[in-house]
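Participant: Just passing along the structure, written as structure tokens.
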Amino acid sequence: MPNSLGSTDPQVASIIRREELRQLSTIELIASENFTSQAVMQAVGSVLTNKYAEGLPGKRYYGGCEVVDEAETLAIERAKELFGAAHVNVQPHSGASANIAAYLAVAQPGDRILGMNLSEGGHLTHGSPVNFSGRLFEAHFYGVSPDTETIDYDNVRAIAQRVRPKVIVCGASAYSRTIDFAAFRAIADDVGALLFADIAHIAGIVAARMHPTPIGHAQLTTTTTHKTLRGPRGGMIMSDESHGALVDKTVFPGMQGGPLMHVIAGKAVAFGEALKPAFRDYISTVLANARALAETIQEHGLRVVSGGTDNHLMLVDLTALGISGRKAERVLEAAGMTANKNAIPNDTRPPTQTSGIRLGTPAMTTRGMTPDHMRTIGRWIAEVLHTPDDLAKIASVRAQVHDLTSAFPLPGVERPSAHDD
Ligand SMILES: *Cc1c(COP(=O)(O)O)cnc(C)c1O
């Protein structure tokens, strides 16, 4: 794309360029991040941002929507094909917005919901008191078993029988094991609840058919489009046929105004990419990379929650090292590796400190890294976390990170030239 921002607004242009260089020269291990394609960014950076299109394709409140209608219809059709969903709404601005609409489509303020505890892997929007979901609904929680650190479905059933929720939410932000949607549906049926699956993290793995799908089990399924699905930042709601009209009117006029047509075009591009065979290869490498990373850090004396991973992420328990997640995040960042502190099950430290970090492989797999690279990175992580105050060690890993990342392209980003120095 011709870029004139450098002359029209050098301040913002410089911020963008410096962020490009940061992304280019660091190892991105934040499990919820990815690098979207240049094609997606071109759609998102297009004139579609100018268009108001309240309503749905063919049923808009404004004129001039005939062209953008095609973008939204394409995004919907591609999403249906990708996930096998009966009904799709691609308008939610984010994963959290998709969740607001999903709840409000089927529940009233004051209703009981049952979700996964934030501190054991769930998301803020699954009932946290600081979030709309915990303020609007009477939230109850299930967690993981203290022994296996995995979801204990018998326990979920017992809580559901006691609570009798209107909606059961499953899906997580920091859970490395396969989620059994059929088991959740059986529990929901047992207590007369609706099942709402939030696959924000694992959507790409579900699309690639390498994680069981909630479609056919959950009446409502939401996702982000920017995590493993590798599209533009945004959300989406899938539902069975009978909840489709409710979902649509809860998104608009219920919750949002005009949809972001440029982002919806970007979603269409991303879904088109995910329908290609190369996407399955990508996801299969994401999973192999996560297994290699988990194995390596365990070989080097770090404890991985639940002993490993079935998906793209893992939680590392830092308790034995005597450092907090906050400190680990800082040390890793100084060494050129970006990750986030994260609570682990039964964490004894507050959420601002935590005893864990979360690591994920979607982003570096997009840049072309393989299990061999993950073993190198896993060794570096273990080295700096074992000696977090060894500044020479951190500097030496930082230099090696710089060397390694210089061999891997970043979609849509030019390498540094003399001009950048
Ligand atoms: C990331 C995430 C969300 C929220 O997505 P945003 O786009 O950040 O609003 C919702 N649910 C789960 C499980 C997530 O991991």
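The values are calculated or read from the model by the stated rules, or taken from the named source; none is laboratory data. All figures in this text were calculated on a predicted structure; none of them were measured in a lab. So basically every Cβ, Gly included, is an ideal-geometry build from the backbone, and we count neighbours across all protein chains shown.
Participant: Starting from the stretch 155-179, take each residue that is more than 28 Å from residue 362 (Cβ to Cβ) and list its partners that are assigned to a helix (DSSP H, G or I) and away from the ligand (no atom under 14 Å from the Cβ), counting only C-beta distances under 6 angstrom and pairs at least six apart or across chains.
Facilitator: Pairs that qualify, where the first residue is more than 28 Å from residue 362 (Cβ to Cβ) and the partner is assigned to a helix (DSSP H, G or I) and away from the ligand (no atom under 14 Å from the Cβ), are 157/187; 160/187; 160/191; 161/191; 164/191.
Participant: Moving on to the next point. Residues of the stretch 59-104 being within 16 Å of the ligand (Cβ to nearest atom) and in a loop (DSSP other than H, G, I, E, B), which ones?
Facilitator: Of everything in the stretch 59-104, those that are within 16 Å of the ligand (Cβ to nearest atom) and in a loop (DSSP other than H, G, I, E, B) turn out to be 90, 91, 92, 93, 94.
Participant: If you don't mind, another one. Going through 329, 273, 295 one at a time, which residue ends up being buried (at least 17 other Cβ atoms within 10 Å of the Cβ), free of Cβ contacts under 8 Å to residues at least 40 places away in the same chain and more than 16 Å from the ligand (Cβ to nearest atom)?
Facilitator: Checking each option against the conditions leaves just 329.
Participant: Would a scan of the stretch 197-214 turn up a residue that is within 11 Å of the ligand (Cβ to nearest atom), at pLDDT 95 or above and more than 15 Å from the chain's Cα centre (by Cα)?
Facilitator: no
Participant: Tally up the residues in the stretch 27-79 that are closer than 18 Å to residue 276 by Cα, surrounded by fewer than 17 Cβ atoms within 10 Å (Cβ to Cβ) and small (Gly, Ala, Ser), please.
Facilitator: 1
Participant: Mind listing whichever residues of the stretch 234-265 are part of a helix (DSSP H, G or I), closer than 20 Å to residue 60 by Cα and not acidic (Asp, Glu)?
Facilitator: 244, 245, 246, 247, 249, 250, 251, 261, 262, 263, 264, 265
Participant: Look through 130, 144 and report the one residue that is out of contact with any His (no Cβ under 8 Å at 6 or more places or on another chain), free of Cβ contacts under 8 Å to residues at least 12 places away in the same chain and closer than 16 Å to residue 343 by Cβ.
Facilitator: 130
Participant: Residue 388: surrounded by fewer than 18 Cβ atoms within 10 Å (Cβ to Cβ) and part of a loop (DSSP other than H, G, I, E, B), yes or no?
Facilitator: Here the answer is no, as residue 388 does not meet what is asked.
Participant: Considering each of 286, 304, 316 in turn, give the residue that is buried (at least 20 other Cβ atoms within 10 Å of the Cβ), closer than 24 Å to residue 406 by Cβ and modelled with pLDDT of 95 or more.
Facilitator: 286
Every residue, every condition in (1) touching a residue at least 40 places away in the same chain (Cβ under 8 Å); (2) charged (D, E, K, R), yes or no:
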| site | (1), (2) |
| --- | --- |
| 20 | yes, yes |
| 34 | yes, no |
| 41 | yes, no |
| 59 | no, yes |
| 78 | yes, yes |
| 86 | yes, no |
| 90 | yes, no |
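Participant: Those residues that are more than 12 Å from residue 227 (Cβ to Cβ) and either in contact with a Leu (Cβ under 6 Å, 6 or more places away or on another chain) or aromatic (Phe, Trp, Tyr) (or both), I need them from the stretch 175-208; list them, please.
Facilitator: 175, 176, 181, 184, 185, 188, 196
Participant: Give the residues of the stretch 300-316 that are touching a residue at least 24 places away in the same chain (Cβ under 8 Å) and over 20 Å from residue 179 (Cα atoms), sorted by residue number.
Facilitator: If the condition is that a residue be touching a residue at least 24 places away in the same chain (Cβ under 8 Å) and over 20 Å from residue 179 (Cα atoms), then 300, 301, 302 are the ones that fit.
Participant: Does residue 48 fit the bill of being assigned by TED's automatic domain parsing to the domain that holds residue 254, away from the ligand (no atom under 16 Å from the Cβ) and touching a helix residue (DSSP H, G or I) at 6+ places or on another chain (Cβ under 6 Å)?
Facilitator: Answer is yes for this residue.
Participant: Turning to a different aspect of this structure: Among the residues that make up the stretch 198-211, is at least one of them more than 25 Å from residue 271 (Cα to Cα) and in the same structural domain as residue 234 (by TED's automatic domain parsing)?
Facilitator: Among the residues of the stretch 198-211, not one is more than 25 Å from residue 271 (Cα to Cα) and in the same structural domain as residue 234 (by TED's automatic domain parsing), which makes the answer no.
Participant: Follow-up. Taking the stated definitions as given, is residue 97 small (Gly, Ala, Ser) and either at pLDDT below 95 or within 17 Å of residue 177 (Cβ to Cβ) (or both)?
Facilitator: For residue 97, the condition - small (Gly, Ala, Ser) and either at pLDDT below 95 or within 17 Å of residue 177 (Cβ to Cβ) (or both) - is not met.
Participant: Let me ask you something else. Of the conditions (1) within 16 Å of the ligand (Cβ to nearest atom); (2) of a type outside the set (Val, Ile, Thr); (3) out of contact with any Phe, Trp or Tyr (no Cβ under 9 Å at 6 or more places or on another chain), residue 231 clears all except one; give me its number.
Facilitator: Only one criterion is unmet by residue 231, namely (3).
Participant: All but one of (1) within 16 Å of the ligand (Cβ to nearest atom); (2) in a loop (DSSP other than H, G, I, E, B); (3) touching a His at 6+ places or on another chain (Cβ under 9 Å) hold for residue 301; state the number of the condition that does not hold.
Facilitator: (1)
Participant: Would you say residue 413 is modelled with pLDDT of 95 or more and either closer than 24 Å to residue 201 by Cβ or outside the structural domain of residue 178 (by TED's automatic domain parsing) (or both)?
Facilitator: no
Participant: Taking strands (runs of 3 or more DSSP E) that do not extend beyond the stretch 112-170, which have at least 3 residues that are crowded, with 23+ Cβ neighbours inside 10 Å and within 15 Å of the ligand (Cβ to nearest atom)?
Facilitator: Here the list reads 112-116, 167-170.
Participant: Another question, if that's okay. So, in the stretch 171-196, of the ones that are away from the ligand (no atom under 14 Å from the Cβ) and of a type in the set (Val, Ile, Thr), which residue ends up surrounded by the most Cβ atoms within 10 Å (Cβ to Cβ)?
Facilitator: Among them, the one singled out is 187.
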